[in-house]
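Data block below; observations after.
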Amino acid sequence: VICSRATKFSLFKPAEEMVYIELDEESRTKGKAVVDVMGAQLGKASVSVLQQILLVLFGGSLLNAMPILAVIFFLILLQWISSVKNLAKHHLAEDEVQDLSCDLPRKNK
């Protein structure tokens, strides 16, 4: 449980908060509420249904379903890493645009 919480707050939460940086205060508040409440509940429900299906398919033994669970875990992990990299590219591009706009000479009228 401790490792799970440490991983969540050291890896997942910072990446999750990066998504909201570009939003205004109202959108950030509403977006966080939707993602935190609905996303968490949908995720838990989906995993529960997946485990139940695997238990039925593998005769009630979760140990027999472990190879499939491992593959699913690593696919989700790869998707998460890809998403973080894409988000980082987006933020780096935004920073470059802001830096360029600050360097442009201003016209005096």
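The values are calculated or read from the model by the stated rules, or taken from the named source; none is laboratory data. Remember, predicted model here, so these are calculated numbers, not experimental data. When the accessible area is computed, the model is the full protein with side chains, heavy atoms only, and any ligands, DNA or RNA have been set aside. Shrake-Rupley method; radii C 1.70, N 1.55, O 1.52, S 1.80 Å.
Between 0 and 90 degrees, rounded to the nearest ten: what's the tilt of helix 40-57 against the longest Cα principal axis of the chain? Its long axis makes an angle of about 30 degrees. Residue 75 exposes around 110 Å² of accessible area when a 1.4 Å probe is run over every protein chain in place. Just the protein heavy atoms count here, and of the accessible area of the chain at 1.4 Å, carbon and sulfur take up 68 percent.
The heavy atoms of residue 89 present about 140 square angstrom of accessible area, all protein chains included, probe 1.4 Å.
Once the 1.4 Å probe is applied to the protein heavy atoms, the chain comes out at 84 Å² accessible per residue. For the chain, a Kirkwood radius taken over Cα pairs fed into Stokes-Einstein (37 °C, viscosity 0.692 mPa s) yields D = 187 µm²/s.
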